[in-house]
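Encoded as structure tokens, the structure appears first; notes follow it.
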Amino acid sequence: MAHSSSLDPAATAAAPAAWTDYLQLMKPRVMSLVVFTALTGLLCADRPMNPWLAAIAVFCIATGAGASGALNMAYEGDIDALMRRTKSRPVAAGRIRKGDAAAFGMVLGLFSVMVMGLGVGLLAAGLLAFTIAFYAIVYTLLLKRTTAQNIVIGGAAGALPPVVGWAAASGQAPLNAWLMFAIIFLWTPPHFWALSLYVSTDYAKAGVPMMPLVKGMRSTRRQIFAYSLLLVPLAVMPAFTGLGGRLYLATSGIGGVVFLGLALRLLFSHAGEDSPNASGLYTIKTGGKEARDLFAFSIGYLFALFAALMIEHALKLFGY
């Protein structure tokens, strides 16, 4: 039987790609979170930095995040095409060839690391290179399709930007920088597993071994709660290490109580166990509201934590 590459949407493009397709290839929504946490790390270093060098550092981190996204989509075009929430991505939809996406990602990655190294510092460049490689190779190539721990281990890549930002500003990566890393690292599993509880059919179609499919819905809810118990106290710690102040303490305390409350409600729910009641992209399964609520709140929770740190250190930098 003949195999035609034209049957593979990731192998050939039906029409010339638009610039917006290449922008989408860089996962701009993920990039915006990366830039936000990296900029927070840069400010938390409390080191006055030349505005141009700061802009270069943030640009390199954004470009590196875009490189990671492009390399990820290049490899995952086949499984993206099987899932409702990802089937319109440029490679999955056939608007950009897999090889072109990979080349684009590699060029962006090399460019971002080179400019960071020459313009800002070698430590920041090394951390940025490690972040890109970890996401593209360790998470995308080695973990995503092979283990239910893909999000746990792979979460290290998404947790590194504040450390890169701190290193860009100071040339160092002290304990407080790694505390920011740890907060994002422990936040990642409950955030993504809550999502996977109500879009598990997508992952099942693509054969991605997400936790609900491998260990079951009940076990996933228990693990979400366990990670939440670790995350919330850790997220308060910056208020006692000199990293965060009163605003951060109030934000992490109130937010942590709500986060734990939602995780506890999810633990005792039946989220993910019932049949979908509609066929929409983000259809909530019967009883799955608890998973959706935790997922939605987790985004605002992480944003609030880093926004509080950013505000406090920006005021300090400007003498307030």
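No lab work stands behind these numbers, since they all come straight from the coordinates. Nothing here was measured: the structure is a model prediction, and the numbers come from that model. Neighbour counts run over all protein chains shown; Cβ positions are idealised from the backbone, glycine included.
Numerical summary
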item	result
222 nm mean residue ellipticity, helices alone, for the chain (DSSP H n ≥ 4; -39,500 (n - 2.57); rounded to 500)	-22000 deg cm²/dmol
Ascending count of other beta-carbon atoms within 10 Å, so fewest first, for MET211, MET83, MET114	MET114, MET83, MET211
Spread of Cα-to-Cα distances over 10 Å intervals beginning at zero, given as percent, for region 34-74	29, 47, 18, 6
Kyte-Doolittle at least -1.0, axis length at least 15 Å by Cα - qualifying DSSP helices, the chain	28-44, 51-75, 98-119, 122-133, 175-198, 217-236, 246-267, 289-317
Distant-in-sequence amide H partners of HIS270 (H built 1.01 Å from N, under 5 Å)	none
Volume of the Cα convex hull of the chain, divided per residue and given in Å³	132
